[in-house]
Amino acid sequence: MRDVVVGVDGSAQSQEALDWALVEAGSRGVPLTAVLAWEPSWQEGSRLAEPADFSHLADLKQEQVLTFLDEARHRTGVEVVTHAEQVQGSPTTALLARAERAEMLVVGSRGLGRLGRLVLGSVSSAVVQGATRVPVTVVRPAPSDAPAGDAARVVVGVDGSATSVHALRHGLEVARRTGAVLDAVYCWQILTLAPLPDSWGWTPPVDDYEKFAGEQLDRALEAAEADLPEGRIRRSVVHAHPAKGLIEAAEGAERLVVGNRGTGGFDRLLLGSVSRQAVEYASCPVTVVRRPAD
C-alpha cells in the first residue's frame, strides 16, 4: 500500500510536519512512514573510529524516530499504521528515494530567516524542487497573528495550464475526502493573459480581460471534472500578481495547492516563480503537484 512519507529530525518544524502528515495519512487511510536521514559526525563518535563504528548509532536513531511517532500520536490523537526508518546519508537524497512510490512527501520549513522573513531550509527547498512525481507538502507553523479563517478551505491556484488542471484535481480529491470547500483562484494581469481574440492593435477594456479570465477558470474546472455540491466550490477571479493573489487568498486556509512549472527538460526540476513564492511565503501548508507525465 502506498503511504505518506514525512521527514523528521526532532526540530519544531519537523514536529509540525509530522503532526500534519499523521492527520493526512489518517484521512487518506494509508500508513505513515517517518524518515530520519543522518550523517555521522566526529562529535557522535571517537576521532579514531572507523566508519563502521558508527553503526551503533543506527539503533539510537531508530529509537528516536519511534519516540517522535509516539509523541505525534499523543499530540494529535490520530492512530494509523506507522513505520519508522532511519537512513545514513543525505536527507534530500534519502527522502526523494523513499517517496518515489508514496502518495505524498511532507517536510517542514525552516521558519524565520535572518531578515525575519519566511524562508525554506536547504533540505525543504531541494526536496520541493527535486521531486519529479510525488506531490510535496511544505508545512510551517501558522503565524501568531494569522487571521482566523475558514480552516476547512482548500485553495488551488489556476492559470489554465494542464499542470494547474492537475492541481485542481488534487484539490478536489482533498475537498471530497475532508469535506472542505474548494476555492479555485485565477489571478491575472494583462501581461499574464494571451491577447484576447480580435484584439490585435488595441487594448480591450479591463472588464473584457476579467471575463476572459473567468472563462479560462471555468474551462479548467470543467477539465478537472469538478463535481462538488453547490456551495462547496468557490470561483475567484482576482486582478493581482498571481503569487501575491494566491498568498492572500490562502490566509486562514487549510492548505494551498499549486502546480510546478512543468516545462520539461532541465526546467522540470525547477519551480516556476509563482509556486516558488507560494511555498516561501504562504502562511498555510503548501502542496506542489506535477502532472503524471512530468
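The values are calculated or read from the model by the stated rules, or taken from the named source; none is laboratory data. Just so it is clear, the structure is predicted and the values come from calculations on it, not from any experiment. A quick note on method: Cβ atoms are made from the backbone with ideal geometry, for glycine too, and the neighbour counts reach across all protein chains shown.
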Would you please name the residue that is modelled with the highest pLDDT, looking only at residues in the range 196-210 that are in a helix (DSSP H, G or I) and either of a type in the set (A, V, I, L, M) or surrounded by 14 or more Cβ atoms within 10 Å (Cβ to Cβ) (or both)? GLU210
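To keep it simple, each residue is scored yes or no on (1) assigned by TED's automatic domain parsing to the domain that holds LYS61; (2) more than 19 Å from VAL134 (Cβ to Cβ); (3) touching a strand residue (DSSP E or B) at 6+ places or on another chain (Cβ under 6 Å).
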residue	(1), (2), (3)
VAL4	yes, no, yes
SER14	yes, no, yes
ALA17	yes, no, yes
TRP20	yes, no, yes
ARG28	yes, no, no
ALA34	yes, no, yes
GLU39	yes, yes, no
Of the residues in the range 169-185, those that are part of a helix (DSSP H, G or I) and acidic (Asp, Glu) come to GLU173
Taking the condition at pLDDT below 80 and surrounded by 13 or more Cβ atoms within 10 Å (Cβ to Cβ), does LEU193 pass? yes
